[in-house]
Amino acid sequence: MDVLLIDGKNFCWRHGWTRRMLRASNGFPTGVIYGVLAGMMRLRRIFPDAAFVFCWDGKDTDKSWRHKLAKTYKANRKRTGEPPQEVKDVYMQIPSLRILLSHMGFLQLEIDTLEADDLIGIVARSLKKKVKRVLIYSSDKDFIQLMDKHTLLVRDIDKKKKCAPLTEKEVFASFGVSPKDWNKYRSLVGDKSDDIRRPIKGVGPKRAIDILASGCDPSKKNGCIDEKLKLSWRDVRLNYKLVRIVRKPDDNRIPSPLRKQIEKLVAVVEKTAPDKLYRSEAGKSKESYRAVMKMLARFELDSLWESRQLLWKLP
């Protein structure tokens with residue numbers, strides 16, 4: 001069987017933006033709720049045997065280990081004053097969506113202060129020996145680093161591909177590096193979305209590839225063989241730590257109290273039989289069905305109501 005690890009917030013943001021005009025008659029935004037549930041029915045057609053597991057950012061991720069390591073991390077996302085209505089609309093819908101998913105019996109995972117990227121990295125590593133494939137569903141390029149024979153990334157941004165997993169050849173054709181070198185490459189070019197800045201002035205994607213080809217290795221403390229770059233190597237190394245997704249609970253970047261929580265989650269995941277990753281039996285009960293239908297009616301999602309039999313057949 002396959003397991004589809006869904007980057008929850010990423011999924012919500014994509015649908016919240018493309019369907020930002022969708023609202024109930026009382027003005028409540030419903031684009032996220034509609035888009036995610038409709039998207040799940042589409043994913044079921046493409047991956048009929050996959051179990052869906054949602055991974056969410058934990059509470060207080062502004063206190064994550066990355067923020068403590070670099071005060072500039074995601075500083076570009078800090079807003080002053082009232083946030084735009086589109087932003088408020090997305091956040092307004094997530095609690096209701098999560099209640100719907102809970103009623104339906106889907107497994108939802110989160111750990112306080114841990115970003116969904118790291119949670120997915122940890123869970124993917126724990127699952128890949130138990131299942132045929134671990135599919136990560138997210139448009140976030142950061143997950144390229146997790147790609148291997150058993151862990152595939154489904155970005156779903158190319159309509160022609162129809163959710164086909166990203167391949168190593170496609171990564172190399174687009175960026176000039178393979179997934180195994182992704183973190184080294186990103187440590188040199190930075191990441192605008194997370195405000196991880198380029199550590200060396202004048203070094204862009206092409207120059208970064210040349211630096212890696214020359215033998216410089218950002219994964220190593222003494223991995224710089226170019227004298228001109230040595231003054232900036234400390235910043236390169238910091239970037240490498242920031243972009244690298246956590247895979248194991250004992251990662252030394254993780255604070256000790258948080259490691260214990262992660263270890264407990266990993267233990268539960270590893271003890272869970274693969275078929276138990278599907279929707280729970282409680283989520284398939286008549287009571288759950290009525291609760292979900294009541295919420296769909298309240299949000300006036302008529303098309304989902306009409307497709308309720310397909311919705312209820314989700315794995």
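A short reminder: the numbers here are calculations on the coordinates, not readings from a lab. Being a predicted model, the structure only gives us computed values, none of them experimental. Ideal geometry is used to build each Cβ from the backbone, glycine not excepted, and the neighbour counts take in all protein chains shown.
Quick notes on this structure:
- Note that the stretch 144-153 has calculated 3J(HN,Hα) couplings of 4, 5, 8, 5, 7, 4, 10, 10, 10, 9 Hz, one per residue in order, obtained from phi through the Karplus relation 6.51 cos²θ - 1.76 cosθ + 1.60 (θ = phi - 60°); glycine and proline are x.
- Cut-off 9 Å between beta-carbons: net charge of the residues surrounding Gly105, Lys and Arg +1, Asp and Glu -1: +1
- Phi to ³J(HN,Hα) by Karplus 6.51 cos²θ - 1.76 cosθ + 1.60 over the stretch 253-267, Hz, x for Gly, Pro: 7, 8, x, 3, x, 6, 4, 5, 5, 5, 4, 5, 5, 4, 4
- Long-range HN-HN contacts of Leu109 with modeled amide H, under 5 Å: Phe54, Cys55, Trp56
- Relative to the Cα centre, the charge distribution of the stretch 217-293, modelled as +1 at Lys and Arg Cβ and -1 at Asp and Glu Cβ, gives a dipole magnitude of about 140 debye.
- Taking the Cα atoms of the chain, the ratio Rg/Rh between the radius of gyration and the Kirkwood radius comes to 0.99.
- Unsatisfied cross-links (Cα-Cα over 25 Å) in the set Lys59/Lys192; Lys149/Lys169; Lys63/Lys230: Lys63/Lys230
- Helix 286-298 vs. the chain, principal-axis angle (Cα, 0 to 90°, nearest 10): 80 degrees
- The simple Förster model, with R0 at 41 Å and r as the Cβ-Cβ distance, assigns Ala75 and Lys149 a FRET efficiency of 0.65.
- Here the label points at Glu281 and Met21, each 7 Å from Cα along the C-beta direction, are separated by 4.7 nm in the simple model.
- Label-point gap, in nm, between Val266 and Met1 - each point 7 angstrom along Cα→Cβ: 2.3 nm
- Taking the empirical scaling 2.2 N^0.38 Å for compact globular proteins as reference, the stretch 170-247 has a Cα radius of gyration ratio of 1.00.
- Mean residue ellipticity (222 nm) of the chain, computed from DSSP H runs ≥ 4 via -39,500 (n - 2.57), nearest 500: -13000 deg cm²/dmol
- Relative to the Cα centre, the charge distribution of the chain, modelled as +1 at Lys and Arg Cβ and -1 at Asp and Glu Cβ, gives a dipole magnitude of about 340 debye.
- Cα-based shape type of the stretch 68-152, given that a ≥ b ≥ c are square roots of the gyration tensor eigenvalues and the cut on a/c is 1.5: oblate
- Applying the Karplus relation 6.51 cos²θ - 1.76 cosθ + 1.60 with θ = phi - 60° to the stretch 180-189 yields 3J(HN,Hα) values of 5, 9, 4, 5, 5, 5, 5, 5, 8, 9 Hz, where x marks Gly and Pro.
- Extension gain from Asn222 to Ser96, taking 0.36 nm per residue of separation minus the Cα-Cα distance: 40.4 nm
- Over 28 Å between alpha carbons, listed pairs Lys71/Lys161; Lys159/Lys241; Lys74/Lys220; Lys74/Lys184; Lys9/Lys159: Lys71/Lys161; Lys159/Lys241
- Net length gained if the chain between Asp250 and Ser214 were fully extended (0.36 nm per residue, minus Cα distance): 9.7 nm
- Using R0 = 22 Å, the C-beta based FRET efficiency linking Asp62 and Phe28 works out to 0.25.
- Cross-link partners for Lys294 among the aspartates and glutamates, with Cα-Cα distance under 12 Å and sequence neighbours closer than 8 places in the same chain left out: Asp302.
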